[in-house]
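The values are calculated or read from the model by the stated rules, or taken from the named source; none is laboratory data. What you see is a predicted model; the values in this text were computed from it and never measured. Because the Cβ atoms are built from the backbone with ideal geometry, glycine has one as well, and the counts that use them run over all protein chains shown. Only protein heavy atoms, including side chains, enter the accessible area calculation; ligands, DNA and RNA are left aside. Shrake-Rupley method; radii C 1.70, N 1.55, O 1.52, S 1.80 Å.
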Amino acid sequence: GRVTVRLGTEGPLSIASAASRSVQVPAQGTAQLQFRVRASDIPGVASLTMKASGAGSATEHVSLSVRPRVPFAVESRSGTLKHGSEMALPAADDYLRGTRSVRLTVSPFPAVRFSRQLRQLVGYPHGCIEQTVSRAFPQLYLEEVLKLAAPEQYRRQNPAYYVNEAIRKVESMQLYDGSLAYWPGGQQRSWWGSVYAAHFLLEARKAKYRVNDKSLRRLLRFIGKEARKRETYDYVHVRGTGRTVELKARKEILYSLYVLAAAGKADLSSMNYYSGRPHLLTRDTRYLLAGAYGLAGKWSTYHKTLPEMFRAELPVRETGGSFDSELRANAIMLNVLLEVDPGNRQIPDILRWIANRAENMHSTQETAFVMLALGKAARRSASSDMTVSVFVDGRKRATYDGGSLRLDEKDIGSGRVTLKATGSGEVYFFWSAEGVKRDGRIVEEDANMRVRRSYHDYRTGRPVDPSQFRQGQLLVCRIALSGEGRSVENVAVTDMLPAGCEIENARLRASTALGWTVPFPLDVEYIDIRDDRVILFTSLDGAKTREYLYMLRVVNAGRFALPPIAAEAMYDPAIHSYHGAGSVLSAPMRQP
């Protein structure tokens, strides 16, 4: 019989062909109809409704996700307001309709100045042991600020929920010797991550969270064993206008001694060993050793070990190991003083140094330690008597007179915001706008790293141009990654699939029955497979280009955006590569 199919759409889709078509269906047979549908620039959930009538009737509903071809852009402003301050903020008028989100927060808490970094920290998408702890640790101290900075994160759950989830996850990553694996389900242990997690568990227990005592005892036993090692390494730091390399004790050892003392298990023998060899200590590890003595009640040795005045420690950023960086090293020094000696006169100097540089927080490690310090320092902050008037396009919209004030998209929209402050003391503000830019472009560049992606026919091995895909075709995606002559640890490679394709096999071995081989297979430490992307975590030997293969199938015919492939060193934003944005054209499956 003859059947007519009518197509309807909802959401960011429109029909680019006739909305109704008919076809003669043979007895016991099949017939096909093709419709063209176009996605708009506005991302969101769309639906298709197909209704067939004639020889019979049937209805089918299909939901589709329309995602932007470029990542969300985020811009922000933050600062301090005092009597007479007037601050003009930009208008958020260059975002696609429906994607924009604008927020303004005025608060007496200093950490609100760094709401952008806080939101990035608690929303960080990966989950190794360091990042799991870094996301949860500040939530012990900054509950109110976090609710202001990232309200979408806490609509259903409060920070206590995420702290408890982190505790459970940390305990699930414990290995046979008491240490913690770097990745869930992995066997590669992380020394710094284990000490860092033990510190977090101790602080969580002190804050009345439930921690598994057996798991914590095993972890502390491992840390105590490792702390007795007399290991050194080449410590690279900035001195004057150049870099200096010196032999120093591993920072994991001194951090272990501090955490053991915090747990009431001070290893005085090892502490005395390093106290007698100050040439093995960096400035931040001197603070850790002094803090260990203070926590153990050895105050005379504490004062002997602690530097008399603050001088910033300037290590070269590490992408692995102890994840060292300038901000992290000095934030550790501040954390030690706030915990052990909160009246120390160095605290204002270190706070000022960190606050002047905190906009350069890039890794989860340094952001967590800075936020820990700001959270503890907030307990010391003086009260203020400030009034802040908020004007939008010249009209007064709201007034801050204590507590915390938060305005969002419906209050501000695309208007120009002006803040005017009066009174005594000081308060802090944070403004942010995010969404898909109207002229959103992807900047492709290689910065100390190079990533490339190519597609090949699975059966022949021949390269396939993205403009020549065929519906039903089985492809192999080849990812090549190079450190451009330098070694890099903890690299995240994100390959977003073009719409219309799906993953068939997320990890081809070094060779298959059809002869697929890679000369230097990527030593992947962890794989995160999602509906629309593959995320690889690895480290690089800069002397070689390493490759990774996975299979995907072309499911849909049509023209789709091809997002770029991205590689980023998680602990050093200066090392990254973005490449390969374009479009995919897949031809319909051939009719039998």
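Of note:
- Calculated FRET value between ASP213 and ILE529, using beta carbons and R₀ = 41 Å, to 0.05: 0.70
- Length gained when the stretch ARG438-HIS61 is fully extended (0.36 nm per residue, less Cα-Cα span): 132.6 nm
- Using Cβ point charges alone (K and R +1, D and E -1), the dipole size of the chain about the Cα centre works out to roughly 720 debye.
- Hydrodynamic radius (Kirkwood) for the range 124-215, which is based on Cα pairs only, to one decimal in Å: 13.5
- Taking only protein heavy atoms and a 1.4 Å probe, the accessible area of the range 458-592 is 47% carbon and sulfur.
- Diffusion constant of the range 391-479 at 37 °C, which comes from Stokes-Einstein with the Kirkwood Cα-pair radius and 0.692 mPa s, µm²/s: 171
- Helix-only CD estimate at 222 nm, as mean residue ellipticity for the chain, using -39500 (n - 2.57) per DSSP H run (n ≥ 4): -7500 deg cm²/dmol
- Vicinal HN-Hα couplings computed from phi for the range 79-86 (Karplus, 6.51 cos²θ - 1.76 cosθ + 1.60; Hz; Gly/Pro x): x, 10, 10, 10, 4, x, 5, 9
- For the range 267-409, the gyration tensor built on C-alpha atoms gives a prolate shape. Its axis ratio a/c (a ≥ b ≥ c) is at least 1.5, and a/b is the larger of a/b and b/c.
- Dipole magnitude (debye, nearest 20) for the range 210-365, charges at Cβ of Lys, Arg, Asp, Glu: 500
- Euclidean distance of C-alpha centroids, the range 514-586 and the range 326-379, integer Å: 37
- Per residue Cα convex hull volume in Å³ - calculated over the chain: 195
- Relative counts (whole %) of C-alpha pair distances in the range 445-525, using bins that are 5 Å wide: 3, 11, 23, 23, 18, 14, 7, 1, 0
- For LEU562, residues with placed amide H under 5 Å, excluding near neighbours: GLY582, SER583, VAL584
- D_trans [Stokes-Einstein, Kirkwood Rh over alpha-carbon pairs] for the range 141-269, 20 °C, 1.002 mPa s, µm² s⁻¹: 129
- Sorting the Cα pairs of the range 272-329 by distance into bins of 5 Å, from 0 upward, gives 4, 19, 26, 21, 17, 10, 3, 0 percent per bin.
- Extreme residue, positive dipole direction of the range 380-473, given options SER432, PRO463, ALA398 (C-beta unit charges): PRO463
- Which listed pairs, of LYS82/LYS396; LYS147/LYS214; LYS248/LYS304, have C-alpha distances above 24 Å, in listed order: LYS147/LYS214
- Cα shape, the range 1-126, gyration tensor, a/c 1.5 rule: prolate
- Rolling a 1.4 Å probe across all protein chains gives ARG221 an accessible area of roughly 150 Å².
- In this Cβ point-charge picture (+1 for Lys and Arg, -1 for Asp and Glu), the range 329-413 has a dipole of about 140 debye about its Cα centre.
- Percent accessible area from carbon and sulfur atoms, the range 308-373, protein chains only, probe 1.4 Å: 46
- Per-residue 3J(HN,Hα) values for the range 6-11, derived from phi via the Karplus relation 6.51 cos²θ - 1.76 cosθ + 1.60 with θ = phi - 60°, read 10, 10, x, 10, 9, x Hz in sequence order (x marks Gly and Pro).
- Accessible area in the full protein assembly, largest first, 1.4 Å probe, for ARG6, ARG100: ARG6, ARG100
- For a paramagnetic label modelled on ARG38 (point 7 Å from Cα along Cα→Cβ), amide N atoms under 20 Å away belong, within the range 90-133, to 96-98.
- Counting Cα-Cα pairs of the range 418-568 in 10 Å increments starting at 0 gives whole-percent bin shares of 9, 34, 29, 13, 7, 5, 3, 0.
- Rg/Rg_ref, the range 197-237, where Rg_ref = 2.2 N^0.38 Å and atoms are Cα: 1.55
- Annotation for the range 29-60 versus the range 301-316: alpha-carbon center distance of 69 Å.
- One chain, two ends: SER300 and ASP541. Fully extended at 0.36 nm per residue, the span grows by 82.1 nm beyond their Cα-Cα distance.
- Percentage relative contact order, the range 447-592, counting C-alpha pairs under 8 Å, at least six apart: 36
- Residue-normalised accessible area of the chain, expressed per residue, 1.4 Å probe, Å²: 47
- Within the accessible area of the range 172-256 (1.4 Å probe), percent carbon and sulfur: 46
- A full extension of the chain between VAL23 and VAL238 corresponds to an added length of 69.9 nm, given 0.36 nm per residue minus the alpha carbon distance.
- Relative contact order of the chain, taken over Cα pairs closer than 8 Å and 6 or more residues apart, is 16 percent.
- Area accessible to solvent at MET496, 1.4 Å probe radius, in Å²: 40
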